[in-house]
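Report on the structure given below.
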Amino acid sequence: MQVLIITLTLIFIAAIIFGIREKLCYMRFQKYLDMDIRIQFYDAQQAVDAYKRGSIVLELRDTDAHIKSVVITQLRFSNPALQVTTLDNIYFKARTDKPQVLSVSFRTRRRDLQDMNRKHVRLYIRGRMTDQQGQDKVFKAKVPSVLDSSNDAMSRIEPFPA
């Protein structure tokens with residue numbers, strides 16, 4: 001009986017520690033990065049195949065003074081019908097005079113797009129930032145959006161909730 005109680009206590013403590021670490025990852029994004037994220041579809045007349053393509057535009061406007069670089073390692077949507085094409089790493093150099101803009105393409109089947117009209121989707125971002133001492137810190141973000149296939153746009157609802 002004591003072994004069971006000790007095991008359950010350890011599992012509970014591990015779950016709390018994991019939850020705190022996850023929350024810190026999301027807080028790092030909000031605290032240290034000033035990034036705007038736009039999601040847009042390409043022109044409707046361009047494609048003639050079964051896929052509709054778009055871009056995730058990442059604009060890093062500013063970072064905290066002690067951040068040396070920012071690397072986006074993973075981008076994915078909450079709906080598996082929206083597929084981010086092959087992504088290696090997206091590298092931003094911190095503390096530049098001008099905002100840096102980079103984009104990543106994604107695609108979805110046209111028939112899936114019609115089914116997703118007015119649906120909520122989230123873009124999950126994961127990456128790491130390196131400070132002046134060379135230490136890497138992981139960050140995460142969730143960007144909620146509403147898909148509007150009638151005008152070929154996906155509009156963000158609110159900026160970067162925790």
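Some values worked out for this structure:
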read-out: Failed condition for ASN117, given (1) within 23 Å of CYS25 (Cβ to Cβ); (2) surrounded by fewer than 17 Cβ atoms within 10 Å (Cβ to Cβ); value: (1)
read-out: Answer from ALA50, ALA65, ALA141 - the residue that is at negative phi, of a type in the set (A, V, I, L, M, F, W, C), loosely packed, with under 14 Cβ neighbours inside 10 Å and touching a residue at least 40 places away in the same chain (Cβ under 8 Å); value: ALA50
read-out: The one condition in (1) assigned to a strand (DSSP E or B); (2) modelled with pLDDT under 85 that VAL70 fails to fulfil; value: (2)
read-out: Selection count, region 70-96, where residues are surrounded by fewer than 20 Cβ atoms within 10 Å (Cβ to Cβ) and under 16 Å from GLN30 (Cα atoms); value: 1
read-out: Selection within region 97-114 - more than 22 Å from PHE139 (Cα to Cα), surrounded by fewer than 17 Cβ atoms within 10 Å (Cβ to Cβ) and of a type outside the set (Asp, Glu); value: LYS98, ARG109, ARG110, ARG111, GLN114
read-out: Number of positions in region 71-91 that are in contact (Cβ under 8 Å) with a residue 24 or more places away in the chain and in contact with a Lys or Arg (Cβ under 9 Å, 6 or more places away or on another chain); value: 13
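Here is a yes/no grid of residues against (1) at pLDDT 90 or above; (2) surrounded by 10 or more Cβ atoms within 10 Å (Cβ to Cβ); (3) in a strand (DSSP E or B):
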{"residue": "ILE6", "(1), (2), (3)": "yes, yes, no"}
{"residue": "THR9", "(1), (2), (3)": "yes, yes, no"}
{"residue": "ILE13", "(1), (2), (3)": "yes, yes, no"}
{"residue": "MET27", "(1), (2), (3)": "yes, yes, no"}
{"residue": "MET35", "(1), (2), (3)": "no, yes, yes"}
{"residue": "GLN45", "(1), (2), (3)": "no, no, no"}
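The values are calculated or read from the model by the stated rules, or taken from the named source; none is laboratory data. As the structure is a computational prediction, the values presented were derived from the model and not from experiment. Ideal geometry is used to build each Cβ from the backbone, glycine not excepted, and the neighbour counts take in all protein chains shown.
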